[in-house]
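S.K.: Take a look at this one; I'll ask things after.
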Amino acid sequence: MKLTLLYQDDWLVAVNKPSGLLVHRSWLDKAETRFAMQMTRDLIGGRHVYPVHRLDRPTSGVLLFALDPAVARTLTEAFAARRVHKEYLALVRGWAPEQGVIDYPLKEQLDKIADAMSSPDRPAQEAVTAFRRLHQVELPHAVSKKHPTSRYSLVKLFPKTGRKHQLRRHLAHLFHPIVGDTSHGDGRHNRFFREQLGCERLLLVARRLSFEHPILKVPMRIQAPLGPDVLQLFAELGWPASESDY
């Protein structure tokens with residue numbers, strides 16, 4: 001798994017996290033020895049980095065760190081106050097609506113080990129995601145016994161809140177689960193993409209982060225590449241195969 005540098009200055013560093021890489025050491029996989037935090041530190045010469053947001057392990061894309069604790073606090077507050085604009089791309093099952101807003105509160109999902117001390121009785125929290133469909137396709141494959149063909153959409157997602165697994169759970173709630181999602185998705189379509197299209201990852205990319213620089217007070221817009229594997233898949237589906245198209 002290769003982690004690449006997207007941006008660095010005296011206060012911030014942003015990397016492109018590959019799918020399958022944990023952000024930091026976790027009880028969820030005690031045997032894992034590779035983490036985005038450690039790899040980023042190695043990439044920039046050993047300087048300590050401070051996380052300011054999170055990406056799920058199977059999600060790829062822009063991951064931002066601060067290079068000192070005061071900047072980390074400022075950025076963490078900016079994420080919490082919704083002053084950071086986030087854009088994701090997701091390939092989902094079915095033909096999604098042209099656009100919309102998913103306003104569906106989510107009850108916190110607790111991990112048996114990592115969240116052993118947390119209360120399971122917390123009320124559902126506000127969770128809002130706006131979306132816009134970019135492309136759709138119908139393939140001549142009967143993945144489901146109910147339909148002679150299979151339909152998929154590419155959607156751009158704009159999460160307004162940052163709940164755990166929010167995008168994966170919201171798309172599943174909309175009955176358009178993200179392809180490759182083994183927790184909230186459709187196993188038949190995941191298997192079709194693995195066996196027929198050679199895609200074994202969650203098709204969710206944290207494409208862009210936009211925010212005000214906490215020190216320089218200038219607009220920042222950091223973008224992660226989709227990469228050749230994702231673009232090749234898009235080409236096979238008949239969609240544009242250039243980074244500039246997304």
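S.K.: Put a dot 7 Å past each Cα toward the Cβ at residue 183 and residue 235; how far apart are the dots in nm?
M.R.: Each label point lies 7 Å from its Cα, and together they span 3.3 nm.
S.K.: So if each residue of separation counts as 0.36 nm, and I subtract the Cα-Cα distance between residue 38 and residue 215, what length gain in nm does that give?
M.R.: 61.3 nm
S.K.: Same structure again: Any lysines with Cα under 20 Å of the residue 2 Cα? List them, leaving off those in the same chain fewer than 8 positions away.
M.R.: Within the straight-line limit of under 20 Å, residue 2 reaches these lysines: 17.
S.K.: Using the Kirkwood radius built from alpha carbon pairs, what does the Stokes-Einstein equation give as D for the chain at 37 °C and 0.692 mPa s, in µm² per second?
M.R.: 172
S.K.: Moving on to the next point. Skip the ligands, DNA and RNA, and give the accessible area per residue of the chain with a 1.4 Å probe, whole Å². It would help to have the intermediate numbers written out before the result.
M.R.: Values: 12780 Å² over 246 residues.
Ligands and nucleic acids excluded, the figure is 52 Å² per residue.
S.K.: Return the single residue from 67, 89, 139 with maximal mean-square fluctuation; model: Gaussian network over the chain, springs between Cα atoms under 10 Å.
M.R.: Maximum among the listed residues: 139.
S.K.: Mind grabbing the accessible area of residue 104 for me, 1.4 Å probe, Å², rounded to tens?
M.R.: 90
S.K.: Round to the nearest 10 and report in Å² the accessible area of residue 37, as given by a 1.4 Å probe over the protein chains' heavy atoms.
M.R.: Its accessible surface works out to 40 Å², give or take rounding.
S.K.: If I take every Cα pair under 8 Å that is 6 or more residues apart in the chain, average their sequence separation and divide by the length, what percent do I get for the relative contact order?
M.R.: Relative contact order comes out at 20 percent.
S.K.: Within a Cβ distance under 12 Å of residue 71, other residues only, what is the Lys/Arg minus Asp/Glu net charge?
M.R.: -3
S.K.: Next question, about the same structure. Need the full-extension length gain, residue 95 to residue 165, defined as separation in residues times 0.36 nm minus the C-alpha distance. One decimal, nm. Let's see the in-between values first.
M.R.: Numbers: separation 70, 0.36 × 70 = 25.20 nm, distance 2.17 nm.
Here the answer is 23.0 nm.
S.K.: Which of the aspartates and glutamates could a cross-linker bridge to residue 217, judged by Cα under 19 Å and excluding same-chain residues fewer than eight apart?
M.R.: List returned: 9, 10, 68, 77.
S.K.: For labels at residue 10 and residue 126 in the simple 7 Å Cα→Cβ model, what's the distance in nm?
M.R.: 3.7
S.K.: What is the local net charge at residue 192, summed over the other residues whose Cβ is closer than 11 Å to its Cβ (Lys, Arg +1; Asp, Glu -1)?
M.R.: Here the count lands on +2.
S.K.: With each label point set 7 Å from Cα along the Cα-Cβ vector, what nm distance links residue 243 and residue 194?
M.R.: My value for the distance between the label points is 3.0 nm.
S.K.: Express in nm, to one decimal, how much length is gained between residue 144 and residue 76 on full extension, taking 0.36 nm for each residue of separation and deducting their alpha carbon distance.
M.R.: Values: separation 68, 0.36 × 68 = 24.48 nm, distance 4.29 nm.
Extending this stretch completely gives an extra 20.2 nm.
S.K.: Calculate how large, on average over all directions, the projected area of the Cα convex hull of region 126-165 is; give the answer in nm² to one decimal. Present the calculation step by step, with values, prior to reporting the outcome.
M.R.: Values: hull surface 16.3 nm².
Value for region 126-165: 4.1 nm².
S.K.: Right, next: Straight-line reach from residue 145: which aspartates and glutamates have a Cα under 19 Å away, not including same-chain ones fewer than 8 places off?
M.R.: Cα-Cα hits under 19 Å: 186, 195.
The values are calculated or read from the model by the stated rules, or taken from the named source; none is laboratory data. Since this is a predicted model, take the numbers as computed values, not measurements. So basically every Cβ, Gly included, is an ideal-geometry build from the backbone, and we count neighbours across all protein chains shown. Quick note on the areas: whole protein, heavy atoms, side chains included, nothing else; ligands and nucleic acids left out. Shrake-Rupley method; radii C 1.70, N 1.55, O 1.52, S 1.80 Å.
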